[in-house]
Amino acid sequence: MPKPTKGIAVSDQIVDNIEQVGIVGCGTMGAGIAEVIARNGIPVRFVEQTDEAVEAGLARIHGALDRQVRRERLTTAERDEIAGRIRGGTDMADLGEADLIVEAVPELLALKQQAFEQIDAHARPNAIIATNTSSLPVMDIAVHTRRPNRVLGFHFFNPAPIMKLIELVRTVVTDDTVVDVARRFAESIGKVPVVVGDRRGFIANQLLFPYLNQAVWMVEGGYATKEDVDAAMRFGAGLPMGPIALTDLVGVDTFVGIMDAIHDQFDDTRFAPRPILAQLADAGFTGRKAGQGFYSYEEPGSSRMLPDEDTREPADPGLVADWRRVGVVGTGTMAAGIVEVCARAGFEVLVRGRALERAEGVIAGVSKSLQRLVDKERLTTDEMVAIVGRIRATIELDDLADCDLVIEAVAEDLAIKQELFAELSRILRPDAVLSTTTSSLPIVRCAMATERPEQVLGLHFFNPAAIMKLVEIVTTVRTDPAVTEQVRAFVDRIGKVGVLCGDRSGFIVNTLLFPYLNDAVKMLESHYATAEEIDTAMKLGCGYPMGPFELMDVVGLDITLAIMERLKGEYRQPSYEAAPLLRNLVDAGFLGRKAGRGFYVYT
Ligand SMILES: NC(=O)c1ccc[n+]([C@@H]2O[C@H](COP(=O)([O-])OP(=O)(O)OC[C@H]3O[C@@H](n4cnc5c(N)ncnc54)[C@H](O)[C@@H]3O)[C@@H](O)[C@H]2O)c1
């Protein structure tokens, strides 16, 4: 790291303890940052542009604290004490006592440069100045001060009081002491700092925003509703929040600023903000903070969403009230999970395998899985016996003749599936519904192999099917909407969350999840951050239950590679090309946990 050649002074004149903090801009982030710092006993002064903006900033902070009191997470005395540590005004001279000043004005380079010139003019010579930018080059901001060696990025995540991560962004001239002081300060307010270089989007946003933008594209293009996209990522990928709700939380205008800045550096169309975003921002529908973004909220700042024209009526349970029997074709992992789910929901289930032992093996597997629930006292022995008693094994396809619904879960091979669909179409009652669990093949081609394409659709369960809540209900251009409604009611009846989407490779979840995983591998192979740092950033910055490398090791690197290849084939998006490192690891047999080694080593 080159040593600074300019700047005011040497490191011993840099503050070594942060006793007062200044904040410039008290919007979504400024208010959250003020709260978290004041909660840690440190006085805060914030500066806004106008008296009205100061009032709005204070109202934002007080509103957030009041909500904590209502939820009994703070006493009124604690609230008053925290609020008492925060003062706002319009005069930059108020920042004269601060040891650290954090800028949190809107994501526009010129605005931030101007703010830094003013901050620099008023700040103490030994003070550290930080920007909360999510995507702009910190260096381009730092050079607008007389102390670029005392400037760094201090990137909090939204909501700042809750999210643990802070990305500390060092430029090529940031003094080591500045990074050390910032790191200690971040830790002292209960955060986990990760030090990164000055690259747009840093770790978390560079991985998060193309994913969010892709989700916006799905909604904008009518592929799925915003509610379904959000539910898919929550229930199919275990994320704490759906991408569209998160876009509203980030702020649609802020989102556009961040994407523009990242796009400038990386020139990948996935970073080009979808046109709907600028439209919403221009209309003042900037998200949760305005009470209206993609969703409508009870009031500005509220997390409570109001139903709108996208909100689908619950499916009518009467549509499947007389369904009794479900056929499952296949004896693999997915088939077994689906058999268990359907039998537990009260259906008679016929499981068809090519060999009787395999089909009977499924029943044995379900018994074992249920026994674990009995052991944990989540099921009684009588219930278990009744559930298993509803399942029958067969090798005869003709035995499925009386099924209301057949779920195909055989090998991922189009010719095999088409042959099976053609046979099932001849055997089943005319009103029976046929479905496939394929995760990548065109469902319409299975449908066209039958004499009833309007009664065919996809039912994409997630592994382990007995546990994962989501089912993607995939309709083709030939699917009858009445059949879709019946299947929605069926999915409700088996206790799953159903979302509707069209017949494309990857559906909702895999199309959004896997390019993000592949991007993480590309970031790793560019040596910008380690696998541990990237995993930490996504867990603590975005609240993900697992980091991308931990997740790939569980899913399997070979599966990840295969899905990326299919997505690349479907969308021809150059940046969907699988990362060379991913290919190399697969070639080396490092397939993840199942092989004892993937990105991490398992003992
Ligand atoms: N929203 C997020 O999820 C998020 C997360 C991390 C970082 N950030 C970054 O934080 C920064 C602020 O974003 P935000 O979402 O809080 O924006 P915001 O629009 O909610 O707030 C910006 C605030 O800055 C004030 N302001 C504008 N010009 C000013 C000036 N010259 N002096 C003082 N105050 C001024 C505005 O009045 C407003 O209150 C951006 O750089 C953004 O990229 C945002």
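The values are calculated or read from the model by the stated rules, or taken from the named source; none is laboratory data. Bear in mind the structure is a predicted one, so any value in this text is a computation, not a measurement. Reconstructed Cβ throughout: ideal geometry from the backbone, glycine too, with neighbour counts over all protein chains shown. Side chains included, ligands, DNA and RNA excluded: accessible areas come from the protein's heavy atoms. Shrake-Rupley method; radii C 1.70, N 1.55, O 1.52, S 1.80 Å.
Residues are listed down the side, and each one gets a yes or a no for (1) closer than 30 Å to PRO314 by Cα; (2) in contact (Cβ under 8 Å) with a residue 60 or more places away in the chain:
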{"site": "VAL483", "(1), (2)": "yes, no"}
{"site": "PHE490", "(1), (2)": "yes, yes"}
{"site": "ILE494", "(1), (2)": "yes, yes"}
{"site": "GLY506", "(1), (2)": "yes, yes"}
{"site": "MET523", "(1), (2)": "no, yes"}
Kindly indicate whether THR311 is out of contact with any strand residue (DSSP E or B) (no Cβ under 7 Å at 6 or more places or on another chain), open to solvent by 50 Å² or more (accessible area, probe 1.4 Å) and among the hydroxyl-bearing types (Ser, Thr, Tyr). yes
Out of ALA359, ALA343, sole residue that is within 22 Å of VAL320 (Cα to Cα) and either without any contact (Cβ under 8 Å) to a residue 24 or more places away in the chain or not in a strand (DSSP E or B) (or both): ALA343
Say whether the condition of being under 30 Å from GLY543 (Cα atoms), within 13 Å of the ligand (Cβ to nearest atom) and out of contact with any Pro (no Cβ under 7 Å at 6 or more places or on another chain) is met by at least one residue in the range 144-151. no
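What about ARG45, is it of a type in the set (D, E, K, R) and either in contact (Cβ under 8 Å) with a residue 60 or more places away in the chain or more than 23 Å from ARG150 (Cα to Cα) (or both)? Can you show your working first?
Working: of a type in the set (D, E, K, R): yes; either in contact (Cβ under 8 Å) with a residue 60 or more places away in the chain or more than 23 Å from ARG150 (Cα to Cα) (or both): no.
For ARG45, the condition - of a type in the set (D, E, K, R) and either in contact (Cβ under 8 Å) with a residue 60 or more places away in the chain or more than 23 Å from ARG150 (Cα to Cα) (or both) - is not met.
Would you point out the residue of the range 266-275, among those that are farther than 23 Å from ASN510 by Cα and assigned to a helix (DSSP H, G or I), that is nearest to the ligand (Cβ to nearest atom)? Quick ask: steps written out before the conclusion?
Kept after step one, since they are farther than 23 Å from ASN510 by Cα, are these residues of the range 266-275: 266-267, 275.
From what's left, assigned to a helix (DSSP H, G or I): 266, 275.
Numbers: PHE266: 17, PRO275: 20 Å.
Result: PHE266.
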Those residues that are assigned to a loop (DSSP other than H, G, I, E, B), open to solvent by 50 Å² or more (accessible area, probe 1.4 Å) and not hydrophobic (A, V, I, L, M, F, W, C), I need them from the range 366-418; list them, please. LYS376, GLU377, ARG378, THR380, ARG390, GLU396, GLU412, ASP413
Search result, residues across the range 90-113 that are under 14 Å from VAL47 (Cα atoms) and open to solvent by 10 Å² or more (accessible area, probe 1.4 Å): THR90, ASP91, MET92, ALA93, ASP94, GLY96, GLU97, ALA104, VAL105, PRO106
Give the range 129-143 a look and list any residue that's assigned to a loop (DSSP other than H, G, I, E, B) and within 11 Å of the ligand (Cβ to nearest atom), or say none. ASN132, THR133, SER134, SER135, LEU136
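For the condition hydroxyl-bearing (Ser, Thr, Tyr) and farther than 30 Å from THR171 by Cα, what is the one hit in THR133, THR145, THR90, THR50?
Values: THR133 fails: farther than 30 Å from THR171 by Cα; THR145 fails: farther than 30 Å from THR171 by Cα; THR90 fails: farther than 30 Å from THR171 by Cα.
Result of the check over THR133, THR145, THR90, THR50: THR50.
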Test of understanding: among VAL196, VAL219, which residue is aliphatic (A, V, I, L, M) and open to solvent by less than 20 Å² (accessible area, probe 1.4 Å)? VAL196
Residue pairs within 8 Å by beta carbon, gap of at least six or interchain, first lying in the range 86-112 and over 20 Å from ARG60 (Cβ atoms), second of a type in the set (Ser, Thr, Tyr), listed first then second, are LYS112/THR131; LYS112/THR133
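Just checking, how many residues over the range 99-128 are within 36 Å of the chain's Cα centre (by Cα) and more than 11 Å from the ligand (Cβ to nearest atom)? Full working, then the answer.
First, pick out the residues of the range 99-128 that are within 36 Å of the chain's Cα centre (by Cα): 99-116, 119, 128.
With the extra rule that they be more than 11 Å from the ligand (Cβ to nearest atom), the set shrinks to 99-101, 128.
Count: 4.
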Go through (1) surrounded by fewer than 23 Cβ atoms within 10 Å (Cβ to Cβ); (2) touching a residue at least 60 places away in the same chain (Cβ under 8 Å); (3) closer than 20 Å to LEU111 by Cβ for THR145 and report which single condition fails. (2)
Please go through the range 156-184 and pick out each residue that is open to solvent by 10 Å² or more (accessible area, probe 1.4 Å), under 29 Å from ARG60 (Cα atoms) and either assigned to a loop (DSSP other than H, G, I, E, B) or within 12 Å of the ligand (Cβ to nearest atom) (or both). PHE157, ASN158, PRO159, PRO161, ILE162, MET163, LYS164
Conditions (1) under 18 Å from the mean Cα position of the chain (by Cα); (2) under 18 Å from PRO159 (Cα atoms) -> SER302 fails only (1)
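Can you pull out every residue in the range 249-265 that is part of a helix (DSSP H, G or I) and either near the ligand (Cβ under 10 Å from one of its atoms) or open to solvent by less than 10 Å² (accessible area, probe 1.4 Å) (or both)? Give the steps one after another, and end with the answer.
Here is the first cut: in the range 249-265, the residues part of a helix (DSSP H, G or I) are 249-250, 252-265.
Selection gives LEU249, VAL250, VAL252, ASP253, THR254, PHE255, GLY257, ILE258, MET259, ALA261, ILE262.
Can you go through ARG270, ARG304 and tell me which one is charged (D, E, K, R), modelled with pLDDT under 95 and open to solvent by 40 Å² or more (accessible area, probe 1.4 Å)? Full working, then the answer.
Numbers: ARG270 fails: open to solvent by 40 Å² or more (accessible area, probe 1.4 Å).
None of the others qualify; the one that does is ARG304.
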